[in-house]
Every structure is written in C-alpha cells, then in structure tokens.
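Take a look at the structure below.
The values are calculated or read from the model by the stated rules, or taken from the named source; none is laboratory data. Predicted model only: the values in this text are computed from it and were never measured. Positions of Cβ are generated from backbone atoms using ideal geometry, with glycine treated the same way; all protein chains shown enter the neighbour counts. Each accessible area value is taken on the protein alone, full model and side chains, heavy atoms only, with ligands, DNA and RNA left out. Shrake-Rupley method; radii C 1.70, N 1.55, O 1.52, S 1.80 Å.
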Amino acid sequence: MRKRLFEIIEAASENDRASNMYDVFMMITIILSIVPLAFKTEYSFFVVIDKIAVVIFIVDYLLRLSTADYKINRGALSFLLYPVMPMALIDLLCILPSLSIISSSFRLLKVFRLLRTFRVFRIFKAVRYSKSIILLKNVFRNSKKPLISVGFLALGYVLISALVIFNAEPDTFENFFDAIYWATVSLTTMGYGDIYPITTIGRIITMVSSIFGIAIIALPSGIITAGLMDEINKRNNNQVNT
C-alpha cells in the first residue's frame, strides 16, 4: 500500500494514470494558491483558497514523509533525512506562512504573517508535477559542466569590463559596484540608461562590451537547446521501446 502511494505521488511512470491525475491536481492547487499574491487586497475567498491549499500541502508533505524510505533507501534513517532535503524544505516554506491564518490562537505562529512572501516558494513545488519542468531540470543537470564554464566566463568578463570602465571614467562611476552593475547590464544588452559613460573612450568600451556580451549570452542558449533536443530524443526512444 505504501509503495503504491509512493509511486502515485512520485510519478513512477508515464502510463500511471493515478500518478498523472495527482500531478494535475497538485499543479492546479499550486496555481490557485499563488493567485492571491497578485492582489494587494486580501479578499475573503482568497483566505479560503489558501486554507484549502495549505491543508492539501500538509497532506502531501505527510504522505511524502511516510514513504521517505522508498525515496531515499536508507531504512528508518530516511524519515530523519527527508525533512532536510531541498524539496522538503520548500514544502515547509510553502506551509508555514499560512499556519497563522489557519490557527490564530497560537501567538507564535502570528510571526509567519510577516513571511507572506514565502508563499512564492509554492511555485517551486511545481518542479515535482510538471513534466516540462522535469525535462528542463534534466537538461540543466546533464549540461551542468559547460553551463558552469560559461558562467565563470561571463563573471570574469563582467569583472574585467567593470575594472576597465571604472578606471576609464572615474567621475561617472561613484564606486566599483556601479561599474559591475553597468558591466552586467551591458553584457546582457539590457541598456537601462541610468548609468552610462559620457566620454569617447567610455563609449567605445561600452560598444565592445555589448558586442562580446551578445556572444557570451548566446553560449548557454546553444548548450540548453542541444541538451533539450537530446532529452526529447531520449524520451521518445524510451516511449518507442516500451
């Protein structure tokens, strides 16, 4: 019974109808629980939605905790290890801010009203239930090394550009952080225009930085696209074989 429950909540296979229905149900719950965050006014039906959603999240958390040994495979130790896993911590962050609404009799829990923003973490719960997000997660995991290399390349380029422009136009940039901000904006070609060079040499540096920035930004896009195609082909081959 517990093993079947684990298969349902963990999406054991593509053909598991019960698991797919559970994923859809949880995705709908997550989306509905996030909707109130788009409004400044807290309507009464938003409170009702949040109460229902948090009860569902608590049940989901308890079900996952009760089947932790199937997920972690460490016997009784699994039940102690599960609460400190990243996704389990996200689950708790989704639940805690709403406890003060469910039970206002506990003064200590009223503190969590200040943590309303933590409800945004419910978005990350969708990682478990969306096949597309799981696909992207696999792409990032398999392409981790080249993406990290590109990240270090971009970071180095930002620091070097910041150093160059900071010394080329000391009057324009009050501190080195302003130069880093400018270099980051130039690298991503956003161009907000709040900080910009005014000398000829500074403008030349900006043009060069923007041109190289386009090339650096394009690198992770190519890596992710290639990894995504590999994952899609792999998934299609697995479906054909099954």
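The table below lists the values:
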{"read-out": "Condition broken by Lys137, with the remaining ones in (1) modelled with pLDDT of 70 or more; (2) open to solvent by 80 Å² or more (accessible area, probe 1.4 Å); (3) more than 30 Å from Asp230 (Cβ to Cβ); (4) within 25 Å of the chain's Cα centre (by Cα) satisfied", "value": "(3)"}
{"read-out": "Scope segment 173-198; condition open to solvent by less than 40 Å² (accessible area, probe 1.4 Å) and assigned to a loop (DSSP other than H, G, I, E, B); matching residues", "value": "Phe173, Pro197"}
{"read-out": "From Ser221, Ser210, residue being open to solvent by less than 40 Å² (accessible area, probe 1.4 Å) and at pLDDT below 85", "value": "Ser210"}
{"read-out": "Boolean, Thr199 is among the polar types (S, T, N, Q) and within 28 Å of Val139 (Cβ to Cβ)", "value": "no"}
{"read-out": "Qualifying position, being closer than 30 Å to Leu136 by Cβ and in a helix (DSSP H, G or I), among Asn233, Asn167", "value": "Asn233"}
{"read-out": "Single residue of Leu5, Leu63, Leu77 found to be modelled with pLDDT of 85 or more, exposed (fewer than 13 other Cβ atoms within 10 Å of the Cβ) and part of a helix (DSSP H, G or I)", "value": "Leu77"}
{"read-out": "Residues within segment 63-88 that are of a type in the set (A, V, I, L, M) and over 15 Å from Glu10 (Cβ atoms), tallied", "value": "5"}
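Residue-by-condition table, conditions (1) touching a Gly at 6+ places or on another chain (Cβ under 9 Å); (2) at negative phi; (3) among the small types (Gly, Ala, Ser):
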position	(1), (2), (3)
Glu169	yes, yes, no
Leu187	yes, yes, no
Pro197	no, yes, no
Ile205	no, yes, no
Ser210	yes, yes, yes
Ile214	no, yes, no
Ala218	no, yes, yes
Ile232	no, yes, no
